[in-house]
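Asker: Before I ask anything, let me first share the structure, which is written out below as structure tokens.
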Amino acid sequence: MPAQSATSDVTDDAFLGGALSILQPRSGYRAGLDAVMLAATVAEHEKAGGVLRVLDVGAGVGTAGLCVARRIPSAEIVLLEREPTLAAIAAENIARNGLAARVRIVNAAVGASAAELREAGLADESFDRIIANPPYHDTHAGTLAPDASKASAHAMPEDQLESWARFMARMSAPRGKATIVHKADALVRLLAVFDQRFGALKILPLQPRSGEAAHRLIVEGVKGSKAPLQLLAPFTLHANGNDFTPAAQAILRSGAALKMLPL
């Protein structure tokens, strides 16, 4: 169970088997399994002998990016978050986990101007890895949370996914990788916005249990690649009941990598 923080507005939650302690709002969007699975796609060997530069787009309180930092000592991470409240919590999470030497927060929106990003010390095409866990819901479908920051964390206009993909391509170095986690029913939109920007696309379905339909997808691409798309074997999260499979436990509790292997 999450431990209550000093204020009743946030909880203090353990990730990676307690290797990370993350403050996040008690209500509204709360990071969990999706963020950890996304972070696990970043592999330590991706830039042997050098610094692996990672951008976590729409980072929220920083869960995915901080998971990468804890798993990979050679990685330097920038957390990009628009909402000032979430950015402030992310800054606290960086400090409380002792990762300020390799992780920093930039309070800016997806699609920020080049001048604004330069002022924050960010340059186009400067990241080896881009990861994103965008809001899953369409602002035009259903009821939004009354608080604006909570609403934006849960939902965005359907056509804004194009803006996220464009921004990810803009910030990615040539041959850099971009990885996004989303709902399974967003696959058509994901392929449409990634097409022409990233090649060598890999689609990894995340299924709750063996034989069940996938409820989440991880889509990964390489900027500038012309290699064909690959549909990967589904990753199964749960065994019998609610217990995680050994492979899922290794990722969620021990910080193992999630290997994007072909069928």
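Asker: May I ask for the longest run of the chain untouched by trypsin sites (Lys or Arg not before Pro) that are loop-located per DSSP and have at most 15 neighbouring C-beta atoms (other than their own) within 10 Å?
Answerer: 27-225
Asker: Report P(r) for the chain: all Cα-Cα distances, bin width 10 Å, range 0 to the bin holding the largest distance, values in whole percent.
Answerer: Binned Cα distances yield the sequence 7, 31, 39, 21, 2, 0.
Asker: Next up: Taking every DSSP beta bridge with both residues inside the chain, roughly what % is antiparallel (nearest 5)?
Answerer: Details: 24 of 51 bridges.
DSSP beta bridges in the chain are roughly 45 percent antiparallel.
Asker: In whole percent, what relative contact order does the chain give with Cα contacts below 8 Å and a gap of six or more residues?
Answerer: Numbers: 547 pairs, mean separation 45.2, N = 263.
The normalised contact order for the chain reaches 17 percent.
Asker: Follow-up. Among Asn97, Asn240, Asn133, which one shows the highest mean-square fluctuation when the chain is modelled as a Gaussian network with alpha-carbon springs under 10 Å?
Answerer: The residue that fluctuates most here is Asn240.
Asker: Give, as a single signed number, the net charge of other residues whose beta carbon lies under 13 Å from the beta carbon of Leu201, with Lys and Arg counted +1 and Asp and Glu -1.
Answerer: Working: positive: Lys177, Arg197, Lys202, Lys223, Lys226; negative: Asp195, Glu220.
Summing Lys and Arg as +1 and Asp and Glu as -1 gives +3.
Asker: Counting GluC sites (Glu not before Pro) as exposed when in a DSSP loop with at most 12 other beta carbons within 10 Å, what is the longest stretch of the chain free of them?
Answerer: Longest run free of exposed loop sites: 1-124.
Asker: What does the extension gain come out to for Ala101 and Ser27, with contour length at 0.36 nm per residue minus their alpha carbon separation?
Answerer: The Ala101-Ser27 span can extend by a further 23.6 nm.
Asker: Still on this structure: Among Val51, Val222, Val78, which one moves the most in a GNM of the chain with springs linking Cα atoms closer than 10 Å?
Answerer: Result for the chain, Cα springs under 10 Å: Val51 fluctuates most.
Asker: Related question: What's the exposure ranking of Leu232, Leu261, Leu38, going from fewest to most Cβ atoms within 10 Å?
Answerer: On the way: Leu232 16, Leu261 11, Leu38 27.
Going from sparsest to densest Cβ surroundings: Leu261, Leu232, Leu38.
Asker: I would also like to ask the following. Pick from Ala178, Ala114, Ala165: which is most flexible by mean-square fluctuation in a GNM of the chain where alpha carbon atoms under 10 Å apart are linked?
Answerer: Looking only at Ala178, Ala114, Ala165, the biggest GNM fluctuation is shown by Ala114.
Asker: Would you count, across the chain, every pair of lysines whose alpha carbons are under 27 angstrom apart, provided the pair is eight or more residues apart or spans two chains?
Answerer: Counting lysine pairs in the chain gives 19.
Asker: Just need the relative contact order of the stretch 1-128 here, percent rounded to a whole number, with Cα pairs under 8 Å and 6+ apart.
Answerer: 20 percent.
Asker: Restricting to DSSP H runs of at least four residues, report the calculated mean residue ellipticity at 222 nm for the chain, -39500 (n - 2.57) per run over all residues, nearest 500 deg cm²/dmol.
Answerer: Computed ellipticity for the chain at 222 nm equals -7500 deg cm²/dmol.
Asker: For Ala250 and Ala120, calculate 0.36 nm times their separation in residues minus their Cα-Cα distance, and state this gained length in nm to one decimal.
Answerer: Fully extending the segment from Ala250 to Ala120 adds 43.2 nm.
Asker: Give the span of the stretch 169-263's Cα atoms along each principal axis, as three whole-Å numbers ordered largest to smallest.
Answerer: So the extents along the principal axes, rounded to whole Å, are 42, 27, 22.
Asker: Here is a further query. Exposure proxy check: Tyr136, Tyr29 ranked by fewest other beta carbons within 10 Å? Show your work: numbers first, answer last.
Answerer: On the way: Tyr136 16, Tyr29 21.
Exposure proxy ranking, most exposed first: Tyr136, Tyr29.
Where a number appears in this text, it was derived from the coordinates with a stated rule and is not lab data. Predicted, not measured: the structure shown is a model, and the values here were computed from it. A quick note on method: Cβ atoms are made from the backbone with ideal geometry, for glycine too, and the neighbour counts reach across all protein chains shown.
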